Amino acid sequence: MSYAEQNENTHTVRPRWTWIALVVMLAGLVLIGIGISVRSWAWAVPGLVLLVVGGVAGLYGGFFYDVEGGASARGQLRDALEGNEHEFPDAGTMRSEEDVKRDVRRRWLRGR
């Protein structure tokens, strides 16, 4: 087992949960904005609750580790609908060149 394999930390990304979290947080921000504009806590408090719930869902879904931004819209939609999960290495992980090339082929070139 190489040094890179021993010290590789990964993060699970769940695209379905990251998209749900994004929508919930945006709805919360909209409600907070309405609450501020009409000066009503009746709008702002549910917005704050939605913002927190969306943040928790984002943490569960790996929102801050979702690095497949270059994937096509169709691929992202497929991942969200199928409930796929992805494992990504931690930012500080040292990996060999062969591991990186194999990973790139698997993820982006689909085994070509």
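Quick note: the coordinates plus some simple rules give every number you see, no bench work behind them. Here the structure is a predicted model, which means the values were calculated and not measured. Heads up, the Cβs are rebuilt from the backbone with ideal geometry, glycines too, and the neighbour counts pull from every protein chain shown.
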Val49 versus Thr93, label points 7 Å from Cα toward the beta carbon: distance in nm?
3.8
If you stretched the chain out fully between Phe64 and Asn84, how much longer would it get, using 0.36 nm times the residue separation minus the C-alpha to C-alpha distance?
5.5 nm
Expressed as cubic angstrom per residue, what is the convex hull volume of the alpha carbon set of the range 25-106?
130
Applying 1/(1 + (r/R0)^6) with R0 = 41 Å to the Cβ-Cβ distance of Trp108 and Ile34, what FRET efficiency is obtained, to the nearest 0.05?
0.50
